[in-house]
Amino acid sequence: MKTNLLLLFITSITFNFCYSNNSILVNESTVVLDLDQSKELYFSFAEGDEIIFEMEMVKGKHIKEIKVIEMPTNTIFTEFKAEQINKKSISIRNKGIYKFSFYSSSLTRRVCKIKIYRIPANESTKNFNTNWRWEIKRDTTYTAYQQDSLVGYKTIKYQEVIRELKETKIEEILLLDRLEKVHSILNNNKSRTYLKVDLPLIETSQLKEEKLIAWSYWIGVGKESQEAYKRNTKMIGDMAKGLASTYTSPLGAYAVGAISDLIVANTGNDIEYFFVNDYQNVEQFMNYQQFSLFDKGKVINSYGKKDRPNNGTFYLCLLNDNNYTPVEVDVKVVAVKEIKIFENIIYNRDKEEPQYITLDKIRMNINETRVRVPVE
């Protein structure tokens, strides 16, 4: 028993003596870690080196995890909840880069002091440089793929159908032509009335397109207004034949801007008129209530043109503010629409179509990775 204790004592003395004389300090530093934080230190070691690792806590109870890893992934030492590591010996089999990793999951800061020594295997590695440097590693791979290669062109004959405009014409549509009697205020009948106007339907198909250019109106009171409109009709008839054959009424010509003015009557009784969008407002007008409108006037004789509304129905409301005299109102409304007629024309065409063959090829891929390597 005494012999064994003596042998252990002699061995310990011998190890400490060799350790103190042969060991080379690689790193002495303080590691500070906060919550969920890690820190890594990297060093190069020679083949046959022996690492002596020491760790002492300065602040905090322990370090959650300490690892020594032979790069890239070979773990050669692990210690969990490390409080102190005293002269831990780690043998190095391969020359390379070694990572010392420290990790803490504690809420409070952890501080420890570390020392890392190396004991060279022999004199040839005594002055081994433990620093490291970055090196670019290139990895070459090859990928097979196919590619179409142009070898020429081939003439292809085909037919193309093109829609072409065949004819454009103007159509004039008489929407309203009426003599409307509007009673006086003191008459037993109401001194107000209304007329309904239906705008023409617009047809659209592949070979036909219609568009409402505008609609125009004539509102006049009495015989004088009727005579004025007759003079306008005669004026249109006396104009150029092209115009006369296109437009059949003064309002049609005025709607598209072929003429700028019409003859009107300047004497006689007047009438109030209101253009209204819908029948609900017509009822409010007839019942002496407030109503909505999109145009109004008080005239003996008047005319005009509009491009809105361009579909559906609207109403013309008439009001006679004369106490005793009824009036006869001449009302005309004309719409003008443009009609385009198309036809499908077939054309014989040629086109150059590319001809390809598929080639098997190989692509070289070079991937560059930055890695740590020993300085020497």
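Restricting Leu195, Leu165, Leu179 to residues that are open to solvent by less than 60 Å² (accessible area, probe 1.4 Å) and either part of a strand (DSSP E or B) or modelled with pLDDT of 95 or more (or both) narrows the list to Leu195. Residues that are in contact with a Leu (Cβ under 6 Å, 6 or more places away or on another chain) and among the polar types (S, T, N, Q) do occur in the range 322-330, at least one of them. Evaluated against (1) farther than 30 Å from Phe314 by Cβ; (2) part of a strand (DSSP E or B); (3) under 59 Å from the mean Cα position of the chain (by Cα); (4) modelled with pLDDT of 95 or more, Leu174 falls short on exactly one condition, (1). Of a type in the set (Phe, Trp, Tyr), part of a strand (DSSP E or B) and at pLDDT 95 or above, is that true of Tyr288? No; evaluated as a whole, the condition is false for this residue.
To keep it simple, each residue is scored yes or no on (1) open to solvent by less than 70 Å² (accessible area, probe 1.4 Å); (2) more than 30 Å from Tyr158 (Cα to Cα).
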| site | (1), (2) |
| --- | --- |
| Asn322 | yes, yes |
| Pro326 | yes, yes |
| Glu338 | yes, yes |
| Glu352 | no, no |
| Asn367 | no, yes |
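Results for (1) among the polar types (S, T, N, Q); (2) loosely packed, with under 12 Cβ neighbours inside 10 Å; (3) not in a strand (DSSP E or B), shown as yes or no for each residue.
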position: Lys154; (1), (2), (3): no, yes, no
position: Val161; (1), (2), (3): no, yes, no
position: Asn188; (1), (2), (3): yes, yes, yes
position: Lys223; (1), (2), (3): no, no, yes
position: Thr233; (1), (2), (3): yes, no, yes
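Among the residues of the range 49-90, the one identified as open to solvent by 60 Å² or more (accessible area, probe 1.4 Å), in contact with a Cys (Cβ under 8 Å, 6 or more places away or on another chain) and β-branched (Val, Ile, Thr) is Val58. Open to solvent by less than 80 Å² (accessible area, probe 1.4 Å) and within 42 Å of the chain's Cα centre (by Cα): does that describe Phe342? Taking the combined requirement at face value, the residue satisfies it.
The values are calculated or read from the model by the stated rules, or taken from the named source; none is laboratory data. Please read all numbers here as calculations on a predicted model, not as lab measurements. As a convention, Cβ positions derive from the backbone with ideal geometry for all residues, glycine included, and neighbour counts pool all protein chains shown. Calculation scope for accessible area: heavy atoms of the full protein, side chains included, ligands and nucleic acids excluded. Shrake-Rupley method; radii C 1.70, N 1.55, O 1.52, S 1.80 Å.
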